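**Student:** Would you mind keeping the following structure in view while I ask a few things?
The values are calculated or read from the model by the stated rules, or taken from the named source; none is laboratory data. What you are looking at is a predicted structure, and each value in this text was computed from that prediction instead of being measured. In this analysis, Cβ positions are derived from the backbone assuming ideal geometry, glycine residues included, and neighbour counts consider all displayed protein chains. These area figures cover heavy atoms from the full protein model, side chains too; ligands, DNA and RNA do not enter into them. Shrake-Rupley method; radii C 1.70, N 1.55, O 1.52, S 1.80 Å.
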Amino acid sequence: MGKHDSGYELMSRDLYCTPAWVTNSLIERVVFRGCAVDPACGERDIVKVFNDRSSTFMTGVDISEGYDFLADNNSYYQSIVTNPPYGRGKLAMQFIDHALSLTHHCCGQVAMLLPVDFDSGKTRRYLFDEHKAFQQKIVLTERIRWANLEQKKNGPKENHAWYIWDWSNTQTPVMRYAP
């Protein structure tokens, strides 16, 4: 996904801790049904904010705990919310596809924090323009400073957005802005 060198080393397991304001921007704009899970929870940053600020209970699991989300075919999830690993070889797309397959049977929801231009690739069009569950894109108007990275004088170069799929969606997808 990277278009240029950020000046930072890649974090092991793509562990980029999500600041609270990023999760708050999602909670303030989307009502999640049932229980939620963050399948790439890392340090549980998203989980903590959900359980402090949202009426939706969230649990978290991570590859570092021996849980492989992409190998999970038995779990029942109503809502999946995560900052997925982007990795090499379309790992974020695999996370989205799998999350959508795990939530389809219960008309669940999926929220993924991704680069703002993630929906621009023609190979990903099926996830957005052509996907009946795609509901909205929430563009973050501030750039994320990852909580676990040493902060440099220059600000971040990348823009991000929350992408939301809801299997009960019957409306045309919308784009919103936060904060």
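To keep it simple, each residue is scored yes or no on (1) closer than 19 Å to Ile46 by Cβ; (2) in contact (Cβ under 8 Å) with a residue 60 or more places away in the chain; (3) assigned to a loop (DSSP other than H, G, I, E, B); (4) not aromatic (Phe, Trp, Tyr).
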| site | (1), (2), (3), (4) |
| --- | --- |
| Ala92 | yes, yes, no, yes |
| Phe95 | yes, no, no, no |
| Met112 | yes, no, no, yes |
| Asp119 | no, no, no, yes |
| Arg125 | no, no, no, yes |
| Lys132 | no, no, yes, yes |
| Val139 | yes, no, no, yes |
| Arg143 | yes, no, yes, yes |
| Lys157 | no, yes, yes, yes |
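**Student:** Looking at the structure I just gave you, is Leu100 within 16 Å of Ala40 (Cα to Cα) and hydrophobic (A, V, I, L, M, F, W, C)?
**Tutor:** Here the answer is yes, as Leu100 does meet what is asked.
**Student:** What is the one condition in (1) in a helix (DSSP H, G or I); (2) within 25 Å of Arg124 (Cα to Cα) that Gly87 does not satisfy?
**Tutor:** (1)
Residues checked against (1) more than 17 Å from Trp21 (Cα to Cα); (2) open to solvent by 40 Å² or more (accessible area, probe 1.4 Å); (3) touching a Pro at 6+ places or on another chain (Cβ under 8 Å); (4) not hydroxyl-bearing (Ser, Thr, Tyr):
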| residue | (1), (2), (3), (4) |
| --- | --- |
| Ile46 | no, no, no, yes |
| Val49 | no, no, no, yes |
| Asp52 | no, yes, no, yes |
| Phe69 | yes, no, yes, yes |
| Asp72 | yes, no, yes, yes |
| Thr82 | no, no, yes, no |
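**Student:** Please state which of the following conditions His104 fails to meet, knowing it meets all the rest: (1) in contact with a helix residue (DSSP H, G or I) (Cβ under 8 Å, 6 or more places away or on another chain); (2) closer than 25 Å to Cys35 by Cα; (3) touching a residue at least 60 places away in the same chain (Cβ under 8 Å).
**Tutor:** Of the numbered conditions (1) in contact with a helix residue (DSSP H, G or I) (Cβ under 8 Å, 6 or more places away or on another chain); (2) closer than 25 Å to Cys35 by Cα; (3) touching a residue at least 60 places away in the same chain (Cβ under 8 Å), the odd one out for His104 is (1).
**Student:** Within the range 57-84, track down each residue that is over 16 Å from the mean Cα position of the chain (by Cα) and part of a loop (DSSP other than H, G, I, E, B).
**Tutor:** Phe57, Gly66, Tyr67, Asp68, Asp72, Asn73, Asn74, Ser75, Tyr76
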